[in-house]
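Every read-out reported here was derived from the displayed coordinates using simple, explicitly stated rules and does not represent laboratory data. Because the structure is a prediction, the values reported are computed rather than measured. Glycine gets a Cβ as well: all are built from the backbone with ideal geometry, and neighbour counts include every protein chain shown.
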Amino acid sequence: MSEPKEDSSKKALEYSKFYAGKVAVAPKVPVRSLEDFSIWYTPGVAAVSRAIEADSDLSFEYTGRWNTVAVVTDGSRVLGLGDIGPEGALPVMEGKALIYNYLGGVNAIPLPIRAETEDEFISFVRALEPSMGGVNLEDIESPKCFDILERLRSEMKIPVWHDDQQGTAGVTLAALFNALELTGRKLRGSRIVLFGAGAANIAAERLLVQAGADPKDLIVLDSKGILEPEREDMDKLLLRNRWKHDIALRTNGDRVTGGLKEALDGADALVAAAGTGPELVKPEEIRVMSKRAITFFLANPVPEMLPPVALAAGAEIVATGRSDYPNQVNNSLLFPAIFRGALDVRAKTITDTMVIEAAMELAAFAREKGISKKYILPTMVQWEVYPRVAATVGQAAVKEGVARRKLSKKESLAAALETIEHSRKVMTVLRRNGIILDPPE
């Protein structure tokens, strides 16, 4: 289990060639006669265009903009594959679009682009705003991804989300809520080590603090060791990666220095998002953690440490990013629902508070089902969690004043249920009628 299943890779290649793409555009309106074209296109469409010209927000009511998201990447950091370019990233973005549609009822368009600079990337995304309800940034290398997200969130009036930051951090937070409860801890006062200072853990540190963690109890490490104010490269970090620099100043209250073993000495939880394992974290490093240790190994396709090894070293709760082990910490548990909720209320942005509320709802759903050492999060097949999280996100947007539509929670839940159930029914009908074929044997 230390490598991706060979059978899955073989099937992925075979099925991808068979289907020639994972998503397609399909009509929503009936075409019964030639007269219908005069309604959907010219001359009737001119009246719709004039109405939107007078009030651009009507584009959310009269077109599919309200439910359309662009999934944009430059292919500079894809999964565990690295910089494979926009063409290489396209299959991954198509997969993302499929998950958006099936689990969230969102019409997502995969858009890998060739952008040589940050400004070029930002300019492209900004130009998409009139036709999109939101933008999902994906698989962009660090630290470029932080600046791109910050600038686009400040300059655009639709939600802009970077799933490798906000999505991973949100699901991690939900998993930590329940793991801490199972081991008799609270977020405030727990010592948490974040191994890896890329997109996921830099966002996780921010969300953890906003959710109630004491930054002095957090320790963050990059490839050169623990981030702390006296590190020799602090001046360089200020110029090249101000996010790491700021973390070095506000975390690690005990001013611990050194590497992972020093950071983990007495720690309650480890969140590793550092790179491909399976031996990036050593058993002797886990052994110095506190009793009832919590360990998350999030690298894909091979985690930083394999769960059996972590358990043998003394960890009580182990999570990975993979579906073939218990406790999968997967972005797909959040991003379809977060966008569903944001789109339903026509949100102008996705705030950190909205993400934290979503994480709390995700954790609450698992608790209602009965959490255990092998079940701290819902799974992707428990689809009823998605409309619940969507409604929570919608309400958070309304409360924060970033929603164009002021729906009640009951209305948000009904809207999310209707859209998600419709998307699932479409899949069922298309399969039943042989339009979506079963894959080859």
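Summary of values
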| quantity | calculated |
| --- | --- |
| Cubic angstrom per residue, convex hull over Cα atoms of the range 322-385 | 86 Å³ |
| Per-residue Cβ neighbour rank within 10 angstrom, fewest leading, 205, 118 | 118, 205 |
| Rotationally averaged projected area of the range 166-320 (alpha carbon convex hull; nm²) | 8.0 nm² |
| Two-decimal ratio, the range 54-147, of alpha-carbon radius of gyration to 2.2 N^0.38 Å | 1.13 |
| Where N is the number of residues in the range 373-413, Cα Rg divided by 2.2 N^0.38 Å | 1.43 |
| Estimated translational D of the chain in µm²/s (Stokes, Kirkwood radius over Cα pairs; 25 °C; 0.890 mPa s) | 108 µm²/s |
| Ascending count of other beta-carbon atoms within 10 Å, so fewest first, for 372, 412 | 372, 412 |
| Residues listed by number, the range 158-199, amide nitrogen under 18 Å from residue 81 label point at 7 Å toward C-beta | 163-164 |
| Fraction of beta bridges assigned by DSSP in the chain that are antiparallel (%, nearest 5) | 15 percent |
| Max mean-square fluctuation residue, GNM over the chain, Cα-Cα springs under 10 Å, options 98, 13, 81 | 13 |
| Peptides ranked, highest mean first, by Cβ atoms within 10 Å: ranges 17-28, 385-396, 248-259 | 385-396, 248-259, 17-28 |
| GNM flexibility winner over the chain from 323, 76, 33 (Cα, springs under 10 Å) | 33 |
| For residue 109, distant residues with modelled amide H under 5 Å away | 69, 70, 71 |
| Added length on full extension, which subtracts the Cα-Cα distance from 0.36 nm per residue, residue 323 to residue 287 | 10.4 nm |
| Distance cut-off 20 Å, percentage of C-alpha pairs in the range 334-432 lying past it | 38 percent |
| Within straight-line cross-link reach of residue 17, lysines at Cα separation under 26 Å, skipping those fewer than 8 residues along the same chain | 5, 96, 425 |
| Fully extended contour minus Cα-Cα distance, from residue 404 to residue 16, at 0.36 nm per residue | 135.8 nm |
| Angstrom value of the Kirkwood radius, inverse mean 1/r, which spans all Cα pairs in the range 1-112 | 17.2 Å |
| Potential lengthening between residue 257 and residue 54 on full extension [0.36 nm per residue; Cα-Cα distance subtracted] | 67.1 nm |
| Long-range amide H partners of residue 139 with built H, under 5 Å | 164 |
| Pairs beyond 28 Å (Cα-Cα), from 373/399; 244/399; 186/369; 291/374; 11/373 | 373/399; 244/399; 11/373 |
| Pairs of Cα atoms farther than 16 Å apart, the range 255-326, % | 40 percent |
| Highest to lowest packing among 305-311, 42-48, scored as the average C-beta count within 10 Å | 305-311, 42-48 |
| Burial ordering of 276, 73, fewest other beta-carbon atoms within 10 Å first | 276, 73 |
